[in-house]
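So the structure is just underneath, and the comments pick up after that.
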Amino acid sequence: MDEVLSHIVSRIRTNLMKFVVVFCLAIAGAFVHFRFQAISYYSTFDTTLGELEYEIFQDHANFSDITREIYDLEETRLQEISADLENFTISFTQRTNFTLRFQINSVLEDMTRFKSAQDNILQLLNSNVNIRNSFGPANNSAKSRLDYIDRELVRLDSMFLSGGDDPNRSSIPGKKYELYSIKLSLQDQLDANGNFRLLKPVVELSTTAKPIWMFIIFYIILGSFAFYLLTIRGRKA
């Protein structure tokens, strides 16, 4: 190890001018690269999956073709959203069986714009016609059951208020409680189907910018290799 170090020091002394030039160029290159690196900013937010299977969501999620054929919003609103999201790239992954994580990237360092993009994406999700239609059969079944429960509740109310000696009259309150519980569950299911709710909002911006020390290390290594080749060539000459 000592011999290697001695050899390196000896080579630097022998080629001191070349070493100084290469070292200065390496440091200068590092600072120039750091100054002109492409910088973007990104943030994430989490939403519910809207009771949808992730594969179906992937098929219907569309943030590039923002038109009334896909989104049930006014044309002026769609134009506003489209203009805002032009400044962002949008990606998403399934975080759990019931949640999504969105990542939005932009060259803009503006938290207000990122929060606006988050809200616009959420509005698009909740107005996506194709996503709504995917729940058609399930929603129709739930609505049919709700209609049946409403009719049963009216019938039980009528039976209970009519009085009489009906032996089943005492069980009516329990039956009504059970039907109301089922009704609430079905209503919650209808509300959740295709309803994307914000769970974890955009709270901070991160940057893709690399620190200066990474560029310095890279260019010093590169400069060391260049210095080695120069000294080898010099010895051959």
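The values are calculated or read from the model by the stated rules, or taken from the named source; none is laboratory data. Keep in mind that this is a model prediction, so the values were computed, not measured. Because the Cβ atoms are built from the backbone with ideal geometry, glycine has one as well, and the counts that use them run over all protein chains shown.
Hey, can you tell me all the residues within the stretch 97-111 that are within 21 Å of Asn195 (Cα to Cα) and touching a strand residue (DSSP E or B) at 6+ places or on another chain (Cβ under 9 Å)?
Phe98, Thr99, Leu100, Arg101, Phe102, Gln103, Ile104
Return the pairs, sorted by first residue and then second, in which the second residue is surrounded by fewer than 17 Cβ atoms within 10 Å (Cβ to Cβ) and assigned to a helix (DSSP H, G or I), the first residue lies in the stretch 114-125 and is hydrophobic (A, V, I, L, M, F, W, C), the beta carbons are less than 9 Å apart, and the residues are 6+ apart or on different chains.
Short answer, once both residue conditions are applied: Ala117/Asp84.
Could you grab me the full set of residues in the stretch 178-237 that are assigned to a helix (DSSP H, G or I), under 22 Å from Ser141 (Cβ atoms) and not aliphatic (A, V, I, L, M)?
Glu178, Tyr180, Ser181, Lys183, Ser185, Gln187, Asp188, Gln189, Asp191
With (1) modelled with pLDDT of 85 or more; (2) farther than 25 Å from Leu122 by Cα; (3) surrounded by 12 or more Cβ atoms within 10 Å (Cβ to Cβ) as the list, and Lys183 as the residue in question, which single condition is left unmet?
It is condition (1) that Lys183 fails.
Among the residues of the stretch 39-78, count how many are of a type in the set (A, V, I, L, M, F, W, C) and without any contact (Cβ under 8 Å) to a residue 40 or more places away in the chain. Show your work before the answer.
We begin by selecting, within the stretch 39-78, every residue of a type in the set (A, V, I, L, M, F, W, C); these are 39, 45, 49, 52, 56-57, 61, 63, 66, 70, 73, 78.
Okay, now just the ones that are also without any contact (Cβ under 8 Å) to a residue 40 or more places away in the chain, so 78.
Within the stretch 39-78, residues that are of a type in the set (A, V, I, L, M, F, W, C) and without any contact (Cβ under 8 Å) to a residue 40 or more places away in the chain number 1.
Would you pick out the residues in the stretch 126-158 that are under 20 Å from Leu186 (Cβ atoms), in contact (Cβ under 8 Å) with a residue 40 or more places away in the chain and of a type in the set (Ser, Thr, Tyr)?
Ser134, the sole residue that qualifies.
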